[in-house]
Amino acid sequence: MAYDLLIKNGRVVDGSGEPAFQADVAVQGGKIAGVGKYNGAAAKRTIDAEGRVVAPGFIDHHTHFDPQAVWDPYCGSWVHNGHTTVIVGQCGQVIAPVRPGDGEWYLEFFSDAEQIPLPVLKAGVDVTWESVGDYLNALGKKRGINVGTLVGHSGIRRYVMGEAASERVQATPEEMAAMKRLIREAMYDGALGFSTAPKDRGDPAGVPDDAERWELASVIGELGTGVFQVAGGAPGGTKQTRACARELAARTGRPSIYNLMSDPIGNP
C-alpha cells in the first residue's frame, strides 16, 4: 500500500509528555496511519524531516483573532509557528452574537481593546451575522487554521441590554433569562465555553456584580460541557482574577482558565 504522505527521519514529540524519539510518520486519508520505522514503504509524497521536530499542531487557547479570522484564513503568522487551531471569544470580548445594526459597536470595542485602527476593521469585516453559529459559518470552510470560540459576557450583555450594558449593574430577570438563552444557543452552535471579566474591569462584562457571573455560568454547569475563561486586568490584580476563576469552577464543576500575566501596569 502506498501512503498518501510519509514524514521520515524526524524527531517526534507526540504531546504525551514522553521524551522525543526518532521515527517516521505515515499518513493516509488525512489521518496518522502509524508512527515507527517505514523503511522501503511507498508513499505518494515523502518529506525528509531530518534535523526537524514532528509534532501535533499547537493550539493557542487565548487569541483575539475574532475579526481578523474573517478576512485572514491563516490568522497572520500563527500557521507558520506551528499552530493549527486558535481559540477566540476571550475575555468576554466577541463579535457574536450581534444584534442587527449594532455591529459597529463590537468593532469599536475590538479597536479600543486591541489597538487595531477602526478603518482597518471596517474594511475587513462586514458584520452580516447575528448568532455565534452564523459567525462560525461566515468564516467559511477554506481555512488555513481551525477557529474555535467562546461566548463572551460583554457581547451577550450588549446584545440584550444595549447601551445599558456598560452602565447598569443589575440586569432584570427577563434580561438574565435572555442572556442565559444566548449562552445555551451558542453552546449548541459549537461554542467551547463562556468567557467573562472580573468586576470593575471597565468593559460591559466588568459592570455587574458576581451574582450575574455565577448565574450565567450555571448554564455551562447544567450542560456539563465547556470551559470558563476569566480576563485579567482586574483592579484587585491576579488575586481577584484567580478568585473569580476558582469560584466559577467550584460552582459548576467545569474547568476554568484565568489570565495570570495581564494586570494593570500600576498594580502588578
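Worth pointing out:
- With the simple model of a label 7 Å out from the Cα in the direction of the Cβ, Leu5 to Lys141 spans 1.9 nm.
- Summed side-chain charge close to Glu114 - residues other than Glu114 whose Cβ falls under 12 Å, Lys, Arg +1, Asp, Glu -1: -3
- Nonlocal amide H pairs with Val151, under 5 Å, H built at 1.01 Å: Leu192, Gly193, Phe194, Ser195
- Normalised by the number of residues in the chain, the mean separation of alpha-carbon contacts (under 8 Å, six or more apart) gives a relative contact order of 14 percent.
- The calculated FRET efficiency for the pair Arg181 and Ala211, based on their C-beta separation and a Förster distance of 22 Å, comes to about 0.75.
- Using θ = phi - 60° in the Karplus curve 6.51 cos²θ - 1.76 cosθ + 1.60, the 3J(HN,Hα) couplings for the range 24-32 round to 9, 10, 9, 10, 9, x, x, 10, 5 Hz; x is entered for Gly and Pro.
- Cα-based shape type of the chain, given that a ≥ b ≥ c are square roots of the gyration tensor eigenvalues and the cut on a/c is 1.5: prolate
- DSSP assigns beta bridges within the range 5-54; of those with both partners inside it, close to 70 percent run antiparallel.
- Take the Cα of Lys37, go 7 Å toward its beta carbon, and the backbone nitrogen atoms of the range 1-15 under 19 Å from that spot belong to 6-13.
- In summary, the aspartates and glutamates within cross-link reach of Lys142, defined as a Cα separation below 12 angstrom excluding same-chain residues under 8 places away, comprise Asp72.
- Karplus 3J(HN,Hα) series, Hz, for the range 123-140 with 6.51 cos²θ - 1.76 cosθ + 1.60 (x for Gly, Pro): 6, x, 10, 9, 6, 9, 9, 10, 8, 4, x, 4, 4, 4, 5, 5, 5, x
- Near the amide H of Ile47, within less than 5 Å, lie the amide hydrogens of Leu6, Ile7, Lys8, all on another chain or at least 5 residues away, with H placed in the peptide plane.
- Residues Asp60, Asp209, Asp4, sorted so that the one with the fewest Cβ neighbours within 10 Å comes first: Asp209, Asp4, Asp60
- Multiplying the residue separation of His62 and Glu167 by 0.36 nm and subtracting their alpha-carbon distance yields 35.1 nm.
- Packing rank of 13-20, 252-259, where each peptide gets the mean count of other beta carbons within 10 Å, highest leading: 252-259, 13-20
- CD proxy at 222 nm, helix term only [per DSSP H run n ≥ 4: -39500 (n - 2.57); per residue of the chain; nearest 500]: -9500 deg cm²/dmol
- Charge sum, other residues only, whose C-beta stays under 15 Å from Glu163's C-beta, Lys/Arg counted +1 and Asp/Glu -1: -2
- Charge dipole of the range 34-167 about the Cα centre (unit charges at C-beta), most positive-ward option of Ala43, Ile59, Tyr159: Ala43
Bear in mind that the values in this text are calculations on the coordinates, not laboratory data. All values derive from a computational prediction rather than experimental measurement. Neighbour counts are summed over all protein chains in view; Cβ atoms, including those assigned to glycine, are modelled from backbone coordinates with ideal geometry.
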